[in-house]
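Written below as structure tokens is the structure these notes are about.
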Amino acid sequence: MSQRDSLFVLALLLLLHSSSTKPLLPPISTADLAALHEIKDSLADIPSGTTAAAFFSTWDFTSPDPCSSFSGVTCSLRRVTTLTLGTGLSDSPGLSGKLSPSLSKLTELTQLVLFSGIVTGLIPTQLGNLKNLRVISLTNNRLIGPIPTTISTLPNLHTLDLSNNQLTGSVPARISELAQLRVLVLAGNRLTGEVPHLPAQLLHLDLKSNKLSGMLPSPMPSSLRYLSASMNQMWGPLNGLESLSDLVYLDLSMNHFNGAIPFSLFRPSLSSMLLQRNNLSGGVPPLLPPPPSPPTYPPGSMVDLSHNFLTGELSPVLADVESVFLNNNRLIGTVPKLYVESVYKGTTKTLYLQHNYITHFPVEPGSALPDSVSLCLNYNCMVPPVGLTACPESSGGLLSRPLCQCSVFNNGSSIG
């Protein structure tokens, strides 16, 4: 062997020796492992009474690789990036206990999910330290207290879902600073106060079933596609919705909103519009300009404007909607024939017009409704055609209004 070859072999042996003596890094950082231990200590599986494995049964801290063996844990480069607490399965009752402030020690965390259970206590304010968080979903538990204002400092937050807990206080005023926020779901809590300004690029907003008051914020994010604030105590006009051209779902029912419904909301692309049980006035807009054919709403479409103070004659603008609820208003005159045709074709499957002041439903004598259709015309200024009504119990048993009531709204027209 030459001297050169000897030197090469010696160098190779030295390299192999140094590699074999260098300690291998554990598959998860010690700081993250300690944080997971503290998180587990603050939570517990609720006994299920079934054969389903408990969520924490895989959290064995003697395991050589928690990143691959711990349920709900995903790692990248030895750091925990996703933490899902609970299985989310229908046969699992979930977890109990409290959320540990040690969650904030998982500094590379991008997603934090807590499935349904009975976890109580406050949402840790320390979550505001997790600057990489994109998703916070802590739903269907018993979390109490306010929404931490520190959440408004998370620069990458895309989704915030704290629905169906027992949170109190107001929506943080600085939530508008979350430039990346696209989904905000705070439904089913006990939040009070007014809705603050919202992030400009928000797509999905769900605030239903709280105790919120005041008017809708202005301006509303023009990017909104889903807006629900039903079952609150909000009031004021709906003018701010006129610019929401991308909206496909709107539910502001069971509030105190007043004024006219913006005509721009009567369009097929807004396939669900639920504004029932408010104080809305004005009328249903005409088709202007008249199209060559009536608007085409998609299957499953629904418009509910019931229990308001809408007046005037009904226009054909909603004639292709699958479910139309216009009952308990002050509508007058003849129902446009396009509604009748849509009902008999089965395109409109529910048409509730009871408790108005309508004088005529232009149907051919002897016509039979499809079995799939529910039509209610009770308590108007007309006697409903025999065999054409399928009314809910809440409509009452009276077929028509007293003539004295009808004269006020229909200029003395008689019941027909």
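Couple of notes before you dig in:
- Applying the Kirkwood pairwise sum to the alpha-carbon positions of the range 304-356 produces a hydrodynamic radius of 11.0 angstrom.
- Cα gyration tensor shape for the range 35-151, rounded if a/c is under 1.5, else prolate or oblate: oblate
- Applying 1/(1 + (r/R0)^6) with R0 = 51 Å to the Cβ-Cβ distance of SER245 and SER96 gives a FRET efficiency near 0.65.
- Amide H contacts of LEU114: LEU85, SER137, LEU138, THR139, each under 5 Å away and 5 or more positions distant or on a separate chain (H built 1.01 Å from N in the peptide plane; Pro and chain starts excluded).
- Mean separation of Cα contacts under 8 Å, 6 or more apart, over the residue count of the chain: relative contact order %: 6
- Partnerless cysteines, meaning none of the other Cys C-beta atoms lie under 4.7 Å away, in the chain: CYS404
- Nonpolar atom fraction for the chain, defined as the carbon and sulfur part of the 1.4 Å probe accessible area, stands at 57 percent.
- Legend: residue pairs LYS98/LYS211; LYS208/LYS337; LYS98/LYS131; LYS208/LYS345, Cα-Cα distance threshold 31 Å; pairs beyond threshold, LYS208/LYS337; LYS208/LYS345.
- Karplus (6.51, -1.76, 1.60) ³J(HN,Hα), θ = phi - 60°, over the range 249-265, in Hz, Gly and Pro reported as x: 9, 9, 9, 10, 5, 6, 10, 10, 5, 9, x, 7, 7, x, 4, 5, 7
- For the range 25-38, the Karplus equation 6.51 cos²θ - 1.76 cosθ + 1.60, evaluated at θ = phi - 60°, returns couplings of 6, x, x, 9, 5, 5, 5, 5, 5, 5, 5, 4, 4, 5 Hz by residue, with Gly and Pro reported as x.
- Rg/Rh for the chain, where both radii come from Cα atoms and Rh is the Kirkwood radius: 1.18
- Karplus 3J(HN,Hα) series, Hz, for the range 153-160 with 6.51 cos²θ - 1.76 cosθ + 1.60 (x for Gly, Pro): 9, 7, x, 10, 5, 9, 10, 10
- Hydrodynamic analysis of the range 24-82 uses the Kirkwood radius over alpha carbon pairs. Inserted into Stokes-Einstein at 37 °C and 0.692 mPa s, it gives a translational diffusion coefficient of 266 µm²/s.
- Rounded to 5, percent antiparallel among DSSP beta bridges of the chain: 10
- Principal semi-axes of the equivalent ellipsoid, √(5λ) from the alpha carbon gyration tensor of the range 198-280, are 17, 15, 12 Å from largest down.
- Per residue value of the accessible surface for the range 130-191 (all protein chains in place, 1.4 Å probe), Å²: 37
- Cubic angstrom per residue, convex hull over Cα atoms of the range 139-285: 92
- Mean shadow area of the range 318-416, taken as a quarter of the surface of its Cα convex hull (nm²): 5.7
- Our analysis of the range 175-239 gives Rg over Rh at 0.93, with the two radii drawn from alpha carbon positions and Rh computed by the Kirkwood formula.
- Sites GLN201 and GLU393, calculated FRET efficiency, Cβ-Cβ separation with R0 35 Å, nearest 0.05: 0.20
- Once the Cα atoms are used to define both axes, helix 3-21 deviates from the longest principal axis of the chain by about 60 degrees.
- Mean separation of Cα contacts under 8 Å (6+ apart) over length of the range 297-339, as relative contact order %: 47
- The chain - mean residue ellipticity at 222 nm from DSSP helices (-39,500 (n - 2.57) per run, n ≥ 4, rounded to 500): -3500 deg cm²/dmol
- Considering only alpha-carbon pairs that sit under 8 angstrom and 6 or more positions apart, the relative contact order computed for the range 55-209 is 14 percent.
The values are calculated or read from the model by the stated rules, or taken from the named source; none is laboratory data. Keep in mind it's a predicted model, so treat the numbers as computed, not measured. Using ideal geometry, Cβ is built from the backbone for each residue, glycine included, and neighbour counts are taken over all protein chains shown. Quick note on the areas: whole protein, heavy atoms, side chains included, nothing else; ligands and nucleic acids left out. Shrake-Rupley method; radii C 1.70, N 1.55, O 1.52, S 1.80 Å.
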